[in-house]
Structure formats: C-alpha cells, structure tokens
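**Student:** Have a look at this one before I ask anything.
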Amino acid sequence: MRIHFVCTGNIYRSRLAEAYCNSQCVRGLKVFSSGIGAGLNGDAAISPYAAAVLAKYGLNSYASGHCQRTTPELVQASDVLVFMESEHRRFCEKWIEATHQKIEVWGIEDIGPIDVTEIPSKVERTFGMIRQRTDSLLTGLGLSNVSPA
C-alpha cells in the first residue's frame, strides 16, 4: 500500500504528514509526499517550522531529505491520496484514478500570513491535526501501528 501526501511546496504540511505516518512503522506501507509547486523557484529546504517539529518529536529519521514535485506518475502510483487542501486535489484531478484510489482532502491550511508570534501555536495545532487524521486514516485502512513513535 502506498500513501501519498500532497500540499503546495512539500516543505511543511505534507512532509510532516509523511514523517509522522512513517514513524508508525506499518509493515508493507510506503509513504511519500510531494508539492504541486515544489521546485518551481529552485529546490527549497524543509520549512524551519517543520524542521523544529520533526526535531521536537524525534521524527527526523522518518522525513524525506528533499522536496519533491507532484507528477502524474507519483499520483498514479498511489493507493491513497491525501490532499492538504482542495486546491491540491483540483491540480491533480486529471491524474486521479478514482476507481482504485482512496482520496481524502484534509483542509489543513498553510502557515500564513499571520503574526510571527502566532506561528508556534499554529504549527502545533497543524501537527496535532496531522497526527489525528493520520491515525484515523491508518485505522480506517485497517493498518495497525507496529511501534508508534
């Protein structure tokens, strides 16, 4: 089974979801992420906010080391597509094979623009939503956590 998380730049939300899902160590599960606009302005590093969350929760080893652009091949190679927002699904719509793919749109917003003092709490809320929805997704797919992080 292959789960694919999609967001805009593949530097924040989808990378957090990928790392958390990978940390659940489910046998036979391949997890990856991409961004519909990743790499358009050069190869971007992971967001410092995502990097801080990965470090805080010990998830660095579960995260991809680079951003990846969403392509028809990646979308079609996925059994489960998780879009952070509906715009990501619309971007990929022509590549989706709904007859054999499970599709979810989570409605998880990007960071900003917000006041810089509000960023840490928003990042924690975002990661909390990602954890809860990932756990629900895995449960709904009948995939049990082998060794939770």
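The values are calculated or read from the model by the stated rules, or taken from the named source; none is laboratory data. Model, not experiment: these values are computed from the prediction. A quick note on method: Cβ atoms are made from the backbone with ideal geometry, for glycine too, and the neighbour counts reach across all protein chains shown. Heavy atoms of the whole protein, side chains included, go into the accessibility calculation; ligands, DNA and RNA do not. Shrake-Rupley method; radii C 1.70, N 1.55, O 1.52, S 1.80 Å.
**Student:** Could you figure out which of (1) open to solvent by less than 60 Å² (accessible area, probe 1.4 Å); (2) at pLDDT below 95 isn't true of Gly128?
**Tutor:** Going through the list (1) open to solvent by less than 60 Å² (accessible area, probe 1.4 Å); (2) at pLDDT below 95, Gly128 breaks only (2).
**Student:** Still on this structure, I have one more. Report, ordered by the first and then the second residue, all pairs with beta carbons closer than 6 Å, sequence separation of six or more or different chains, a first member in region 127-139 that is of a type in the set (Val, Ile, Thr), and a second member that is outside any helix (DSSP H, G or I).
**Tutor:** none
**Student:** Now for a separate question. Scan region 80-99 and report the pairs whose first residue is under 27 Å from Gly28 (Cα atoms) and whose second residue is among the aromatic types (Phe, Trp, Tyr) and surrounded by 13 or more Cβ atoms within 10 Å (Cβ to Cβ), with Cβ atoms within less than 6 Å and a gap of 6+ or a chain change.
**Tutor:** Every condition considered, the pairs that remain are Val82/Phe5; Met84/Trp106; Arg89/Phe83.
Yes or no, residue by residue, for (1) open to solvent by 20 Å² or more (accessible area, probe 1.4 Å); (2) in contact (Cβ under 8 Å) with a residue 12 or more places away in the chain; (3) more than 17 Å from Glu124 (Cβ to Cβ):
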site: Met1; (1), (2), (3): yes, yes, yes
site: Tyr12; (1), (2), (3): no, yes, no
site: Tyr20; (1), (2), (3): yes, yes, no
site: Arg27; (1), (2), (3): yes, yes, yes
site: Ser34; (1), (2), (3): no, yes, yes
site: Gly37; (1), (2), (3): yes, yes, yes
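**Student:** Could you tell me how many of the residues in region 46-65 are modelled with pLDDT under 90 and among the aliphatic types (A, V, I, L, M)?
**Tutor:** Here the count works out to 1.
**Student:** How many of the residues in region 50-105 are surrounded by fewer than 18 Cβ atoms within 10 Å (Cβ to Cβ), within 24 Å of Asp135 (Cβ to Cβ) and among the basic types (Lys, Arg)?
**Tutor:** Looking only at that region, the number is 2.
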